[in-house]
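Below is one structure; the comments refer to it alone.
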Amino acid sequence: QVQLVESGGGLVQPGGSLRLSCAASRIIFSIYGMGWHRQAPGKQRELVATITSGGTTNYANSVKGRFTISRDNAKNTVYLQMNSLKPEDTAVYSCRAFRANDNYWGQGTQVTVSS
């Protein structure tokens, strides 16, 4: 059974930084695209960033220039570096592995941006 385990969430002040990690197991990690999504209370889940198996990245307009997605295939891990955090970035962040008809989700990690 594929497992995606996120870590690195927490409470941070506005303007601060966090780095999220998502470790994958029981998956040929290098051939999967990976993504980060988030869901704030009372809102729909939204795409934050994706990175293809070839390393091409894509970002939501709301995080461009502040967030960076990256992957380390040797460690089966995808990262989300989040800088200049704003209160509106508060949400549960989940990672996703996708390829053709395969789609796997992690359980999520809470990020709270507050003073």
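The values are calculated or read from the model by the stated rules, or taken from the named source; none is laboratory data. Keep in mind it's a predicted model, so treat the numbers as computed, not measured. Note that we place each Cβ from the backbone using ideal geometry, even for glycine, and neighbour counts take in every protein chain shown. Just the protein is used for accessible areas: all its heavy atoms, side chains included, with ligands, DNA and RNA removed. Shrake-Rupley method; radii C 1.70, N 1.55, O 1.52, S 1.80 Å.
With the structure loaded, tell me whether Gly42 is among the small types (Gly, Ala, Ser) and either over 12 Å from the mean Cα position of the chain (by Cα) or over 17 Å from Gly106 (Cα atoms) (or both) or whether it fails that test. In short, yes. Scanning segment 40-59 for residues that are within 21 Å of Arg99 (Cβ to Cβ), open to solvent by 70 Å² or more (accessible area, probe 1.4 Å) and part of a loop (DSSP other than H, G, I, E, B) turns up Arg45, Gly54, Thr56.
Which members of segment 11-31 meet the condition of being under 14 Å from Thr68 (Cα atoms) and in a loop (DSSP other than H, G, I, E, B)? Once the filter is applied, which keeps residues that are under 14 Å from Thr68 (Cα atoms) and in a loop (DSSP other than H, G, I, E, B), segment 11-31 yields only Ser17. The strands (runs of 3 or more DSSP E) found wholly in segment 72-115 and carrying at least 3 residues that are at pLDDT 95 or above and of a type in the set (A, V, I, L, M, F, W, C) occupy 77-82, 91-99.
Scan segment 17-31 for residues that are open to solvent by 20 Å² or more (accessible area, probe 1.4 Å) and either of a type outside the set (A, V, I, L, M) or under 13 Å from Val111 (Cβ atoms) (or both) and the total you get is 7.
Regarding Arg66, is this residue over 15 Å from Ala97 (Cα atoms), out of contact with any helix residue (DSSP H, G or I) (no Cβ under 7 Å at 6 or more places or on another chain) and either open to solvent by 50 Å² or more (accessible area, probe 1.4 Å) or at pLDDT 95 or above (or both)? Criteria met by Arg66. Anything in segment 63-95 that is closer than 13 Å to Ile51 by Cα and in contact with a Cys (Cβ under 9 Å, 6 or more places away or on another chain)? List them, or say none. Thr77, Val78, Tyr79, Leu80, Cys95 - these are the residues of segment 63-95 that are closer than 13 Å to Ile51 by Cα and in contact with a Cys (Cβ under 9 Å, 6 or more places away or on another chain).
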